[in-house]
Amino acid sequence: LTAHPRLSPFERTVQALIFTGIVQAIVVMFREAMLLLGAVCHVGDWTESVSFVTSVSLAVLLGLLFSLLANKNWIHATLWRCGITQRTSFPSEWFSAFTQERQRFVVLHLRGDRRLFGWPYEWPDRSDAGHFVLEEAKWLLDDGKQILLDTVHRVLIPVQDVEFVEFIKHQAEVDAAPRELPDQALQ
């Protein structure tokens, strides 16, 4: 459920063993808590079936939780604010930029000095494979004119044709930005 590249079979096996150990440790603690609760009020017997269902349920929930944490960058963002890391949980800078800037229009600078403006409906996980899907697309001409593709619902652009991407500021950000750099910034 993440954009991270597949691990090697050995790495996946090691990761599975680590997660199995974590799940089993939590199940043991949960079992002890249920046995203590059962001493106060009888809630049922702890059987192998209950243990199995608890393990599977916990494994699914833990997997979804770790996928959520990786996809939202919450742990790394918190560690960054504390000065512990400068990294993100995303698999690449490319993925990070599109994930963190997903509510912005973009300009795709294409080979042959062509520029296409639009809303990124979808984008590739990697910079070397996949396609962009743009909505509300316009060609941007060198003389400042725009050609609206009003009969086109979406445009599919191969990432190999894209030289670089601009993320466009919202109008409120443009209005709030200083117009000139201070003198010390130029030194």
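The values are calculated or read from the model by the stated rules, or taken from the named source; none is laboratory data. This structure is a prediction, so every number in the text was calculated from the model and none was measured. Don't worry about glycine lacking a Cβ; one is built from the backbone with ideal geometry, like all the others, and counts go over all protein chains shown. Surface areas here come from the heavy atoms of the whole protein model, side chains and all, with no ligands, DNA or RNA. Shrake-Rupley method; radii C 1.70, N 1.55, O 1.52, S 1.80 Å.
Go through segment 1-83 and name the trypsin sites (Lys or Arg not before Pro) that are in a DSSP coil and have 10 or fewer other Cβ atoms within 10 Å of their Cβ.
Passing sites in segment 1-83 are 6.
To the nearest 10 square angstrom, what accessible area does residue 29 show with a 1.4 Å probe?
120 Å²
How about segment 73-155: which GluC sites (Glu not before Pro) there lie in a loop by DSSP and see at most 14 other Cβ atoms within 10 Å? Let's see the in-between values first.
Working: sites: 93, 101, 122, 135, 136; in loops: 101.
Answer in residue order: 101.
Which aspartates and glutamates have a Cα less than 17 Å from the Cα of residue 145, not counting those fewer than 8 places away in the same chain?
Correct list for residue 145: 113, 136.
Suppose we take every Cα in the chain and form the convex hull; what volume per residue is that in Å³?
Output value, Cα hull per residue: 260 Å³.
Which value results when the Cα radius of gyration for segment 87-184 is divided by 2.2 N^0.38 Å?
Segment 87-184 yields a ratio of 1.20.
Counting only other residues whose beta carbon sits under 10 Å from that of residue 111, what net charge do I get with K and R as +1, D and E as -1?
Summing Lys and Arg as +1 and Asp and Glu as -1 gives -2.
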